[in-house]
Every structure is written in structure tokens, then in C-alpha cells.
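Throughout, read-outs are computed from the coordinates displayed, never taken from laboratory work. If you're wondering where the values come from, they're calculated on a predicted model, not measured in any experiment. All Cβ positions, even for glycine, are placed from backbone atoms using ideal geometry, and neighbour counts span all protein chains on display.
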RNA sequence: CGGGGUGUAGCGUAGCCCGGUAUCGCGCCUGCUUUGGGAGCAGGAGGCCGCAAGUUCGAAUCUUGCCACCCCGACCA
């Protein structure tokens, strides 16, 4: 294996793929377009899951599990929804194999054809709303606040590890409410949960906003999203929260008896984030030495590398282990890399590739001097610290790194967000300085489509914190009340 | 699904035009010396050259078909 990664500037795609593979996160499966998430990659996802799950529970949600298979007829009940997903569904048509009479293998038994085909869920709105019909009769049953952790399948034409795989892991919340005020509030609440997670845990700044009609979820009234900027200047949709209105309630006939004795359709939301967040994490922070993980999500926060001469490992370990206990007592996850088969330099490089935020190198010489060597992954700085109170210092350092990584990403985004007023400026900005572009748009899907066709840039969102500002559309010159975020996107 | 590219040891590759059973590096194994930033020397193991058929005395190499992966496009969390 060559020792250095391709650099980001050389070939960002190659850099990303190599990073995912060499850091031991994931690889392509033998199955078309799917991925194998390796233990270290899964550990990151588990940590994300734990944090998000707590956030969902704090906001009153409960977990459930719904079927993997969706009868085909369910999918056709909501017109926009089927339109949006029909082109990327895996379909189960048979339930049995048999030995091939013509030779070695097995074939699909033509006699085992299903009466009604089953769709492998691309998302679970339909099967969940068909269930909600049974669960909801009265206003007393509302709100219904459900989440599920699941895998889904979307038969995309082109795949990319973590960002767009045929099968992916995610979380999908599906809630039902008595009023639109409530469901709209739920949609925004969950958007804020996602933004909180992205910024305070992933250390990744995001733009909160509303999707344009073109980019809206199939079957939603309104789609809210968080958009992040990657280091190659492309935007990545990192999470979505949909106000479904009464669309699914009407399609699946989910009505409730109101306090006043009436009968009304319920109001729905759905919201999700996926293993794509791991891809976002990688592309937002990593450098040419490997991953840079924010301490709050790093499976290993501190790695301790003993520096010793042959035969002295045991003696040194005995002196180091109490120090590791001090770190663990503070809730820090520590890996003691006492492998006798690798040399220190090799260990340093390997843990850097995996993005461990802090490394401690400890030798007998340090301990005799009551010091140890600390190295931080994000800045690659190294320094000696006294042994006294070292655990507290390390703990503080982890907090500092968390903030520093966020600040660095934020500074990058700000440096790569441009405001333009003309079509020429817009095109030049896209080619010369990729990133977010704030520009006026006349509000029509046709204009958005034309801009996309000519520049590959799309409207990432109408940011929530934008102040209204009259102007003219960069393409058509039509009137515009505000700027929107454009970018080329993943 | 369209365009382009690549499949040779665990990984990365040379060889292919011009057919003769496979090159080099990393990794792996053994030994010695090393050990505060990816160790050095010596020795060693490991391959039905993506799959299938064809041409040929003989195919990694030529022909045909298939498959997989990567990049670009269309599609998308």
C-alpha cells in the first residue's frame, strides 16, 4: 500500500474514496451499489445514533419497527410520492427458488410468483400511514410521535460510499398531529434538532432553510433541510424534515374524531438523517493525513502510545495504566496501543488516518520528568504537558478541539460563500470559487431548471435567517424579494 | 441507462501493440540489529492474469460475449 493519500486538490473524489477505505470505514460490497460498513465506520454511526436517539426521546418520540416490504399498491396511493420514488425501487416478485433443471445453479421458480409484488422500502411513509389508520381514531391518540432506525433501498443509477448507496441506514421519524400548527411546529423542531446535532456534535456548520418546489420531498407541502459545505466547495444535504400536510392522511384515510365531535384528517410530518452524515463528517473536516473527527463523535478520543526500548514495555505499561484510568474516570474513551509489532511512527500515522483527536506519547524519560507528550490531530501541534492534572488538561483540550474544528469549518464556509448580482458573476463564481452563492431568483421552477441545466447549480435552500431584500433575478431579471443559496451539490 | 477507463498475489502495479506459464513495490512469514514520526539487512511464502467461449502446437497477451469496479453525465438523502 502506498503510504500517502492522494491529495484533495489532486482529485477530490479519489481522495474521498481512498480515505473511506484506508481509514477502515467502509468498502464496496459484492452486491451492486451497496456498501460494507466496517467496524470503525459503524462505531461512528453508533455514536451518532445514540446521540440522536436521546435527542428524539427528549422531544417526546418513541421508537418502532415497521416492515421492510411494502405492497406495491400502497406506493400508488399518494400520487406525488409514487412519482418521486417509482424509478428507484427494488421489487420482490417471487418467494421461492428451485434447482435449475438445465444445470448447476438455482433459478427463480416461475410458479412462485407473488399475487402482488412487494417493494423494498425506499422510505416508509406508505406502510406507516397504512398502520396509523388503525392506531388513530380520536384526538386523544394524537400527537403520535414515532421514529424508526432502519435500512432502506433506493436503486440509484450511480452510487458513492456513504453519500449515495443502494442500501443505506437511516432514521425516519413519522408523526401525526391534530392541527397544522402542531405539525408545522414539529417539522421545524426536528429541523432544529438536526442543526443542533450537525453543529454541536459533528462540528459542521449548516444552513437551515426551505427547499424550492423542485427539490421538495415527493408528497410534502414543505421540505426543510440543513445544507453543509464540503471542502471541495460542493454542498451536501445533510438532513431533511418534511411538513406532509394532510397528503398521506388523505391517501391512507387516516381521520380522527375531534373534541368537538367532527371528523378530520390528521396532519403529518416525516424527517430523516442517514449514514450520509458519515460522508459529510469526512468531507467537512478531513485533511491529506486522514480523518479529523470531532471529539464528541470520535469512537476513540485519546490514543496512548508507549515509547520504550525492547523488553521494557511491561515495566512502562505498569506506569502508564494508572494514567489511562484517570482519563477513563473522566468519561474519555481511550485506546492504549501497546502493540509490540509496530513502531511508534507507524502507530502515529495509523491513528492519524483514523482521526483520533488526541494522542499521548509516553516514555520512561517523560515519566521521570513528570511530563508527557500531547499531539492534537486537527492542528498537528505537539507539546509537553506536566503529569500533574494531565487528565483535566486532556479533557479541556478535547473541548477546545471540538470548538476549533467547528470554527475552522465555519470560516471555510464563510470564505466560500459569495454574493452575486449578475449572470456573469454567477457563472464565474461557480467555476472559480465553488461554494455557496447568494443570488436573487424570480421564484419560478422554470428559472431554477434553466439555471441547473446551464450551470449544474441548484437552489440548495431558501435560508430561514435571510433578511428580505428586493432585487432582480440573475437569469431573467424578474423581481425577487430575497436571495437564495445556490451551489453545485452532491 | 449513455460516454470514457480499469480488472494480473492481501494492496498498488509492469508485461498486452509484436502470443512461449508473469515484473516490481508495499504488506505478510523467519532471523538478527533497531525503536521519541510510517526501520535496516538477509532469507522465504503467496497467482487457475475478472468469467466464459473461440483462434492457435501454445493465450495475461489476439477475437467474441458476459461480469465487476472507477470517473463523467442523467437521477438522488
Just need the relative contact order of the stretch A:343-490 here, percent rounded to a whole number, with Cα pairs under 8 Å and 6+ apart. 17 percent
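Listing A:419, A:310, A:179 from the residue with the fewest other Cβ atoms within 10 Å to the one with the most, what is the order?
Values: A:419 12, A:310 6, A:179 15.
Lowest to highest Cβ neighbour count: A:310, A:419, A:179.
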Could you give the length gained by full extension between residue A:482 and residue A:156, i.e. 0.36 nm per residue of separation minus their alpha carbon distance, to one decimal place? 114.0 nm
Distance between Cα centroids, the stretch A:31-46 to the stretch A:125-151: provide it in whole Å. 29 Å
With 10 angstrom as the radius, rank A:75, A:367, A:297 by how many other C-beta atoms surround their C-beta, starting from the fewest. A:367, A:75, A:297
Relative to the longest principal Cα axis of chain A, at what angle does helix A:276-285 sit, 0 to 90 degrees, rounded to 10? 50 degrees
Compute the Rg/Rh shape ratio of chain A: radius of gyration over Kirkwood radius, all on alpha-carbon atoms. 1.03
Can you give me the C-alpha center-to-center distance between the stretch A:48-100 and the stretch A:159-207, rounded to a whole angstrom? 17 Å
Per-residue [θ]222 nm for chain A (sum of -39500 (n - 2.57) over DSSP H runs n ≥ 4, rounded to 500): -10500 deg cm²/dmol
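Any idea what the relative contact order of the stretch A:412-490 is, in percent, if you count C-alpha pairs under 8 Å spaced at least 6 apart?
Relative contact order for the stretch A:412-490 comes out at 35 percent.
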In nm, the gap between the two label points placed 7 Å beyond Cα toward Cβ at residue A:407 and residue A:257 is 6.0 nm
DSSP beta bridge pairing in chain A, given as percent antiparallel to the nearest 5: 80 percent
Find the centroid of the Cα atoms in the stretch A:403-461 and in the stretch A:296-349, then give the distance between the two in whole Å. 45 Å
Counting other C-beta atoms within 10 Å, which of A:78, A:260 has the fewest, and how do the rest follow? A:260, A:78
Once both labels are modelled 7 Å past Cα along the beta-carbon direction, what's the residue A:317-residue A:384 spacing in nm? 2.7 nm
Expressed as a rounded percentage, what relative contact order does chain A have, with Cα pairs under 8 Å and six or more residues apart? 14 percent
Convex hull over the Cα atoms of the stretch A:150-211, averaged projected area in nm²? 5.9 nm²
Run the numbers for residue A:414 and residue A:396: contour at 0.36 nm per residue of separation, minus the present Cα-Cα distance, in nm. 3.8 nm
Could you give the angle, 0 to 90 degrees to the nearest 10, between helix A:313-329's Cα long axis and the longest principal axis of the Cα atoms of chain A? 40 degrees
Working from Cα positions, state the angle (0 to 90°, nearest 10) between the long axis of helix A:12-22 and the longest principal axis of chain A. 60 degrees
Antiparallel DSSP bridges in the stretch A:259-416: what percent, to the nearest 5? 55 percent
Expressed as a fraction of 2.2 N^0.38 Å, the rule-of-thumb size for a compact globular protein of N residues, what is the C-alpha radius of gyration of the stretch A:97-236? 1.42
